[in-house]
1. Among the DSSP beta bridges whose two residues both lie in segment 8-147, what percent are antiparallel, rounded to the nearest 5?
2. Relative to the longest principal axis of the C-alpha atoms of the chain, give the angle of the C-alpha long axis of helix 61-71, reported between 0 and 90° and rounded to the nearest 10°.
3. Antiparallel DSSP bridges in the chain: what percent, to the nearest 5?
4. Stretched out fully, how many nm does the piece from residue 190 to residue 302 gain, at 0.36 nm a residue minus the Cα gap?
5. Per-residue counts of other Cβ atoms within 10 Å, averaged by peptide: what ranking do you get for 272-283, 213-224, 12-23, highest first?
6. Please arrange 148, 89 by how many other C-beta atoms lie within 10 Å of their C-beta, fewest to most.
7. So if each residue of separation counts as 0.36 nm, and I subtract the Cα-Cα distance between residue 6 and residue 275, what length gain in nm does that give?
8. So if the hydrodynamic radius of segment 249-407 is defined as the Kirkwood radius over C-alpha pairs, what does Stokes-Einstein give as its diffusion coefficient at 10 °C and 1.306 mPa s, in µm² per second?
Ligand code: PMP
């Protein structure tokens with residue numbers, strides 16, 4: 001028996017139960033926002049709106065103002081609605097499919113449409129496309145964003161390529177930050193489709209792990225400058241600022257797109273949860289205060305990421321073909337295995353009591369062509385558990401590689 005096998009067996013004997021499958025905030029992070037539970041002293045918004053009643057489809061003025069400050073856009077170009085930015089992304093896509101962009105035919109009437117999907121990427125983006133019948137085209141992702149030569153070539157040639165998913169900062173799962181030049185090329189590139197859209201998911205805009213608060217060019221400004229003011233929809237939420245699923249979500253875009261959104265979304269709701277918006281604005285106050293709260297998240301998260309990186313360094317540093325990302329923000333580490341080893345590693349980890357995101361999940365249709373990527377989500381387990389979990393993952397990977405060499 002190899003020493004890896006005996007170490008793995010001993011690990012399995014500990015009968016641990018650790019979940020590292022999703023990027024969920026840990027309870028102590030959620031506790032940072034417990035003040036949200038305090039009763040509000042008024043239900044009136046600044047403009048006198050009674051937040052308990054219907055209305056205000058684009059969000060409370062103070063909630064729009066807060067996101068405007070956070071996203072560096074005018075408040076008139078922001079809608080605050082729903083508690084999940086994913087639902088806003090979904091609806092933007094569905095409205096394009098059913099009703100079309102302003103002055104354009106519905107995507108459903110334009111044949112089989114496609115989206116460009118930088119990979120590895122966010123599984124829930126890909127599920128939206130799959131469920132709504134949009135074909136997905138893989139685009140390789142580097143440290144500074146998607147392969148722009150390929151993107152430019154594809155969008156210039158095919159009018160049925162209607163959109164592209166972008167997580168521009170601290171991407172899920174690789175932690176990539178788009179270079180300034182990538183942002184500008186995306187804004188300026190020639191697309192065969194006049195109704196081409198960038199779904200700019202700024203989910204990790206404030207979620208720094210390093211000392212530096214990295215900033216990249218604002219896509220709406222860049223698109224406007226390049227003469228494509230309606231190209232981008234920007235999405236953000238407070239899911240990983242306050243409470244995941246009980247926060248506020250926002251979209252920002254051009255004035256024409258905001259009018260288009262309002263007309264489309266107006267038929268599905270008589271107004272968002274403005275009481276929640278009011279309590280959030282009272283709690284979050286302004287961008288400086290949000291930055292201070294995010295620093296407290298960072299203090300909790302950074303040691304967890306360090307614990308994983310430390311174990312990987314110790315146990316995988318000498319293993320050929322294995323690498324991992326060292327993110328400067330966001331919620332994930334991308335562990336890259338030798339070809340054909342990701343699936344087996346995830347299943348060995350499962351047997352050893354560690355639940356990971358299924359291998360392949362970070363790719364359209366769940367298919368990682370080389371079976372190499374494992375998304376590691378260090379946020380939810382406690383600091384004490386996280387190093388142990390990373391040890392178990394590393395042992396599983398070592399064992400998977402040794403098994404394959406035995407064959
Ligand atoms: N986008 C990305 C890239 C994410 O990683 C996540 C959460 N894992 C979300 C969106 C979900 O955001 P929300 O809770 O606002 O729907």
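1. 35 percent
2. The two axes meet at around 50 degrees.
3. 45 percent
4. Length difference between fully extended and current span is 36.3 nm.
5. Answer by packing, highest mean first, reads 272-283, 213-224, 12-23.
6. Taking fewest neighbouring Cβ atoms as first place, the list is 148, 89.
7. 91.2 nm is the gain from fully extending residue 6 to residue 275.
8. Once the numbers are plugged in, D ends up at 85 µm²/s.
No value in this document is a laboratory result; all are computed from the given coordinates. Note that the coordinates shown come from a computational prediction; the quantities given were computed from them, not determined experimentally. Heads up, the Cβs are rebuilt from the backbone with ideal geometry, glycines too, and the neighbour counts pull from every protein chain shown.
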